[in-house]
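Below: one structure, written as structure tokens.
Nothing in this text is a laboratory measurement; each read-out follows from the coordinates by a stated rule. Remember, predicted model here, so these are calculated numbers, not experimental data. All Cβ positions, even for glycine, are placed from backbone atoms using ideal geometry, and neighbour counts span all protein chains on display.
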Amino acid sequence: MNYLEAVFNGNPNLGPFALVLRGLLAYIVLNVLVRLMGQREVQQLTAVDFVVGITIGSIFAAALADPKTAFWPAIIATSTIVGVKSLVAFLGLKNQRFARLASGEPITLIKDGKVQEAAMRKGRVTMDSLMEQLRKRKAFNLADVEFAVLEPSGSVTVMKKREHQPVTKKDLHVGLGCSWYPAFLVKEGQILHDNLREVGLSEAWLQNQLGSMGVTDLDEVFVAQLSTTGSLYVDTYEDEGPMKKSIAKDLVLSKAQKLSGDFALYAEGTYDPEAKAMYERMSRQARHVYTSLAHIWADKVD
Amino acid sequence: MTVIKKLRKALNTLEGLEADLVSELDIATAEQDKPTIESSLKQVRDMYSELSRRIGEVEAAEPQYERGQLR
């Protein structure tokens with residue numbers, strides 16, 4: 001008991017084991033405190049977050065390195081700082097004005113392509129540092145920028161003018177196809193039933209897919225992941241040969257079936273005889289794709 | 001849902017289907033299944049180009065569709 005008291009209260013005669021014990025305790029306390037502060041990336045830290053982090057680190061560093069210094073004040077002081085910070089974050093969630101007061105608010109430095117000198121002064125941003133931030137975001141000419149905003153974290157967010165923005169699939173009217181949640185379905189030979197339920201697939205379906213890839217024993221599987229396109233990728237413990245991949249055949253069939261039905265509906269819904277004939281033809285084609293694929297995959301789908 | 005939105009949705013499904021069939025051809029598919037998949041892929045691509053063309057036509061006549069003069 002006396003020994004533990006000495007660890008917490010400080011004692012010049014504390015040995016190395018006591019410092020190891022302090023280090024262990026500090027690690028646990030810091031982990032708890034960091035979790036209480038919420039998960040954020042280092043780049044997302046505001047100036048206040050940064051100062052709080054440094055303060056906590058300094059307090060613990062002093063208490064850890066010096067056996068004479070009491071350890072418990074460090075725990076109380078850092079817990080208080082984190083408590084106040086959590087309270088401020090909580091109040092900020094309840095009240096937007098309070099959040100802006102506590103964490104600062106974004107400042108628009110360039111608006112509609114024009115530099116806002118007053119905002120630059122308010123954010124204490126020089127033209128050189130603004131240009132540096134713009135260059136980091138691949139905007140080398142001021143003329144290319146529509147908006148630039150100084151965020152509370154100190155970073156600058158840039159929106160380029162429309163003509164300088166990269167072309168997207170939407171601009172090109174290119175479809176994105178169906179999108180699935182990329183879930184792991186098997187890890188180290190164990191089926192992840194929760195994930196399987198979440199994506200709406202059954203264990204029988206999974207076994208069927210694995211069987212079609214020649215995997216008969218789940219113990220052979222290191223990981224199996226459903227990709228965003230609905231394909232199943234399987235990595236077995238056998239490292240020779242390519243990674244196994246299978247498409248979800250029943251999903252492919254349901255797409256073909258749906259297309260056939262949709263085109264039939266479009267044919268019914270149009271007054272244009274040419275379009276009607278085209279939709280009817282496409283409905284038949286999609287139906288044909290469905291029946292052909294269903295025929296060759298008859299033994300591979302549920 | 002507008003006509004164009006419906007057609008684009010069908011176009012997306014066709015694109016997904018095309019990607020699936022291309023993947024299936026890449027994977028070790030039984031040789032006897034390949035002609036069927038290739039022929040299905042060709043049909044899907046035909047439907048895709050025909051539907052893209054139709055979307056272009058509908059877009060050109062969009063004001064008339066909006067007024068309900070065409071369906």
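Placing a pseudo-label 7 Å from each Cα along the Cα-to-Cβ vector at A:Lys136 and A:Tyr271 gives an inter-label distance of 5.9 nm. Overall shape: oblate for chain A, with the ratio a/c of the largest to smallest alpha carbon gyration tensor axis at 1.5 or above and b/c at least equal to a/b.
Sequentially through the stretch A:47-54, phi angles give Karplus couplings (6.51, -1.76, 1.60; θ = phi - 60°) of 4, 5, 4, 4, 5, 4, x, 5 Hz, Gly and Pro residues having no value and appearing as x. Residue by residue, the stretch A:87-101 carries 3J(HN,Hα) couplings of 5, 4, 5, 5, 5, x, 5, 7, 9, 5, 5, 5, 4, 5, 5 Hz when phi is fed to the Karplus relation 6.51 cos²θ - 1.76 cosθ + 1.60 (θ = phi - 60°); x denotes Gly or Pro. Rounded to 0.05, the FRET efficiency of the A:Glu220 and B:Lys6 pair, given R0 = 56 Å and the Cβ-Cβ distance, is 0.80. Here the residues A:Val145, A:Val252, ranked from fewest to most Cβ neighbours within 10 Å of their Cβ, fall in the order A:Val145, A:Val252.
If R0 equals 41 Å, the separation of the Cβ atoms of A:His164 and A:Val88 corresponds to a calculated FRET efficiency of about 0.60. Extending 7 Å from Cα along the Cβ direction at B:Ser39 and again at A:Ala294 yields two label points whose distance is 1.7 nm.
Holding the Cα-Cα limit at 31 Å, pick out from A:Lys161/B:Lys42; A:Lys122/A:Lys161; A:Lys187/B:Lys6; A:Lys85/A:Lys111; A:Lys161/A:Lys276; A:Lys255/A:Lys276 the pairs that are longer than that. In this structure, A:Lys161/B:Lys42; A:Lys187/B:Lys6; A:Lys85/A:Lys111; A:Lys161/A:Lys276 exceed 31 Å between Cα atoms.
Where only DSSP H runs of four or more residues are counted, chain A gives -17000 deg cm²/dmol as its mean residue ellipticity at 222 nm, each run worth -39500 (n - 2.57).
The A:Asn13 and A:Val34 beta-carbon pair, evaluated with R₀ = 25 Å, returns a calculated FRET efficiency of approximately 0.20.
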